[in-house]
């Protein structure tokens, strides 16, 4: 596990033994409790010039990670034996705080970053420490990004103004790079993540205390909506400005901060907030039945 926060240092910890002990339901022995409290990190890096919160482990190169700080700098960590070699010369390309980092799901040497400067940058660790590509993604802080692991040309970004966008990296030099843009949320986007099981589905959380699930493959179907309203006897009328791609809205948590899809269980999400965490599995996210026909439009659940 890698941790970075307000103290400028970035540290890597090995919690494998503690995770393995979770299966033991017995009380923690006094000796084991001492071991937990006296546990020390495998590596501490003090090269960041400011606090930071952006970290991502490579899904392709075991042990490789990048860390970003509020001073606009990004450092590369390379695994070496039982420790890490951290390049003290940072990647520089942003003009403000680095907010999030994402490794490419298909290229082990490529990663993306987003920043308060409104940009998304694409980097290659094999080249000079300058971005290969710099995109003006939003007119406000870009808080979070997610690189689609099933459709690697797609990257999602969440903005401080409550909007989020989807870009096709194949057309990044053209005006058609933005394939979708939504302004449903009215407060800053705090987390965004593509589903690991469905290429067109992603989840978004916001400071408006909502977690939403979206399917970009859906389109408005007036005929099907009319049939559904007739079946429900006009009890299910949706607002006219409701995006047809919106599948599900989860409420009840205060100050949502982060969400993640379960890597093995399709449709399951864990979300963290100021008042705790939730594990949810919306009933109208039909990804668990093999060969099931995908609905054109699913009602809010």
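Just checking, how many residues over the stretch 177-213 are closer than 23 Å to residue 118 by Cβ and assigned to a loop (DSSP other than H, G, I, E, B)?
Adding up the residues that qualify gives 8.
Scan the stretch 270-299 residue by residue and report those that are within 16 Å of residue 200 (Cα to Cα), touching a strand residue (DSSP E or B) at 6+ places or on another chain (Cβ under 7 Å) and either surrounded by 15 or more Cβ atoms within 10 Å (Cβ to Cβ) or modelled with pLDDT of 95 or more (or both).
Matches in the stretch 270-299: 285, 298.
Filter the stretch 126-161 for residues that are touching a helix residue (DSSP H, G or I) at 6+ places or on another chain (Cβ under 9 Å) and at pLDDT below 95; which is nearest to residue 178 (Cα to Cα)?
Selected residue: 135.
Can you name the residue in the stretch 214-261 that is part of a loop (DSSP other than H, G, I, E, B) and touching a strand residue (DSSP E or B) at 6+ places or on another chain (Cβ under 7 Å) and, of all such residues, is modelled with the lowest pLDDT? Outline the logic, then answer.
Looking only at the stretch 214-261, we keep the residues that are part of a loop (DSSP other than H, G, I, E, B), and these are 216-221, 232-245, 251-255.
Filter again for touching a strand residue (DSSP E or B) at 6+ places or on another chain (Cβ under 7 Å), leaving 216, 243, 245, 253-255.
On the way: 216: 96, 243: 92, 245: 95, 253: 96, 254: 96, 255: 96.
Result: 243.
Out of curiosity, is residue 195 under 15 Å from the mean Cα position of the chain (by Cα), farther than 12 Å from residue 148 by Cβ, buried (at least 16 other Cβ atoms within 10 Å of the Cβ) and touching a residue at least 24 places away in the same chain (Cβ under 8 Å)?
Numbers: under 15 Å from the mean Cα position of the chain (by Cα): yes; farther than 12 Å from residue 148 by Cβ: no; buried (at least 16 other Cβ atoms within 10 Å of the Cβ): yes; touching a residue at least 24 places away in the same chain (Cβ under 8 Å): yes.
For residue 195, the condition - under 15 Å from the mean Cα position of the chain (by Cα), farther than 12 Å from residue 148 by Cβ, buried (at least 16 other Cβ atoms within 10 Å of the Cβ) and touching a residue at least 24 places away in the same chain (Cβ under 8 Å) - is not met.
Give me the residue from the stretch 122-142 that is crowded, with 23+ Cβ neighbours inside 10 Å and not in a loop (DSSP other than H, G, I, E, B) and, out of that set, nearest to the chain's Cα centre (by Cα).
Filtering the stretch 122-142 for residues that are crowded, with 23+ Cβ neighbours inside 10 Å and not in a loop (DSSP other than H, G, I, E, B), the one nearest to the chain's Cα centre (by Cα) comes out as 142.
The values are calculated or read from the model by the stated rules, or taken from the named source; none is laboratory data. Keep in mind it's a predicted model, so treat the numbers as computed, not measured. Positions of Cβ are generated from backbone atoms using ideal geometry, with glycine treated the same way; all protein chains shown enter the neighbour counts.
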